Amino acid sequence: MDDEYAKLIRRMNPPRVVIDNDACEDATVIQVDSVNKHGILLQVVQVLTDMNLVITKAYISSDGGWFMDVFNVIDQDGNKIRDKKTISYIQRRLENNASFAPSLRGSVGVMPSEDHTSIELTGSDRPGLLSEVCAVLTDLRCNVVNAEIWTHNARAAAVVHVTDDATGHAIKDSKRLSTIKELLCNVLQGNNDLKAAKMSVSPPGITSWERRLHQIMFADRDYERAELGSDDEDKSSRPHVTVLNIEKDYSVITMRSKDRPKLLFDIVCTLTDMEYVVFHGMVNTGKMEAYQV
């Protein structure tokens with residue numbers, strides 16, 4: 001009943017998006033006002049990230065029942081967003097709450113889409129792993145349409161879209177999928193691997209590979225291993241993170257690091273997967289450094 005009431009409130013108060021090119025000299029300002037709900041910050045940041053917009057500054061407030069964020073964004077060339085069609089598309093994407101994909105953390109699907117089968121993989125990273133995975137898929141008459149692969153702390157995760165080489169469509173035969181899973185798990189297992197390799201068929205409807213890979217890596221607990229690197233590595237170049245617990249009912253996390261594309265998206269994904277809620281926040285990026293609270 002509470003969930004239905006929350007849906008009613010959101011329908012009565014749809015997100016309001018204001019896009020302003022005059023408020024800031026060097027960036028387009030996007031303001032989003034909405035009824036608050038879990039995960040809405042990630043949804044908004046994901047829309048901006050998917051459109052390859054660079055977030056230079058942000059002010060986040062989602063205390064209580066209302067959500068209000070302000071983002072200063074530029075394109076990849078460092079310019080304001082002036083194209084009217086692009087501005088209209090950003091507004092539609094942000095205002096159309098139904099277009100946001102729900103969180104898929106911890107879910108495992110068993111049904112491929114009509115166009116392709118989306119396979120998720122996790123296992124030990126090593127030289128030649130991608131080549132071996134592709135060789136197995138080729139031997140099994142699978143055509144790799146596209147793939148996204150991440151590696152971190154000697155672990156590897158991938159989302160691979162494949163089709164049946166004979167039909168050009170998704171692979172639906174359960175016995176064949178079982179064979180693919182068995183052989184790929186053998187490849188991913190590696191030598192002296194204390195963690196089991198995994199393969200699953202992705203749930204349909206996932207729109208962001210990066211979001212899904214965040215979830216896969218987090219479920220694999222890649223963060224538990226010590227960061228691999230040279231003893232001579234310049235530690236001053238590494239991110240600096242502090243956590244301060246204050247008397248109020250929240251913690252303050254401060255982060256300084258080199259700026260890079262999609263940094264805010266990665267941070268919000270991590271906090272969301274750890275089941276933390278961002279009540280207030282501030283983001284500021286310079287030419288080389290990003291500062292976030």
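The values are calculated or read from the model by the stated rules, or taken from the named source; none is laboratory data. Just so we're clear, the structure is a prediction, and the values are computed from it rather than from any experiment. Note: ideal-geometry Cβ built from the backbone for every residue, glycine included; neighbour counts use all protein chains shown. Calculation scope for accessible area: heavy atoms of the full protein, side chains included, ligands and nucleic acids excluded. Shrake-Rupley method; radii C 1.70, N 1.55, O 1.52, S 1.80 Å.
Pairs meeting the criteria (first residue in the stretch 251-276 and among the aliphatic types (A, V, I, L, M), second residue open to solvent by 30 Å² or more (accessible area, probe 1.4 Å), beta carbons under 6 Å, at least 6 apart or on different chains) are 252/244; 253/243; 255/241.
Cβ-Cβ distances below 7 Å connect the following pairs, each with a first residue in the stretch 143-169 that is touching a residue at least 24 places away in the same chain (Cβ under 8 Å) and open to solvent by less than 10 Å² (accessible area, probe 1.4 Å), a second residue that is part of a strand (DSSP E or B) and among the aromatic types (Phe, Trp, Tyr), and a separation of six or more residues or different chains: 157/150. Taken together, the residues in the stretch 12-38 that are part of a loop (DSSP other than H, G, I, E, B), under 26 Å from residue 78 (Cα atoms) and either within 20 Å of the chain's Cα centre (by Cα) or not charged (D, E, K, R) (or both) amount to 4.
State the number of residues belonging to the stretch 235-293 that are in a loop (DSSP other than H, G, I, E, B) and either over 18 Å from residue 40 (Cβ atoms) or over 22 Å from the mean Cα position of the chain (by Cα) (or both). Break it down into steps so the answer makes sense when it comes.
Filtering the stretch 235-293 down to residues in a loop (DSSP other than H, G, I, E, B) leaves 238-239, 246-250, 259-262, 274-279, 286-288, 293.
Filter once more, so that each one left must be either over 18 Å from residue 40 (Cβ atoms) or over 22 Å from the mean Cα position of the chain (by Cα) (or both): 238-239, 246-250, 259-262, 286-288, 293.
Total meeting the criteria: 15.
Restricted to the stretch 248-272, and to residues that are of a type in the set (D, E, K, R) and closer than 19 Å to residue 238 by Cα, which residue is least open to solvent (accessible area, probe 1.4 Å)? Taking the candidates together, the pick is 266.
Which of the residues belonging to the stretch 1-43 are touching an Asp or Glu at 6+ places or on another chain (Cβ under 6 Å) and either surrounded by 15 or more Cβ atoms within 10 Å (Cβ to Cβ) or modelled with pLDDT of 90 or more (or both)? Give the steps one after another, and end with the answer.
First, the residues of the stretch 1-43 that are touching an Asp or Glu at 6+ places or on another chain (Cβ under 6 Å): 15-17, 29, 32.
The answer is 15, 17, 29, 32.
Annotation note: Cβ proximity below 7 Å between a residue of the stretch 39-60 that is closer than 21 Å to residue 275 by Cβ and outside any helix (DSSP H, G or I) and a residue that is open to solvent by less than 30 Å² (accessible area, probe 1.4 Å) and at pLDDT 90 or above (sequence gap 6+ or interchain) occurs for 60/69; 60/281.
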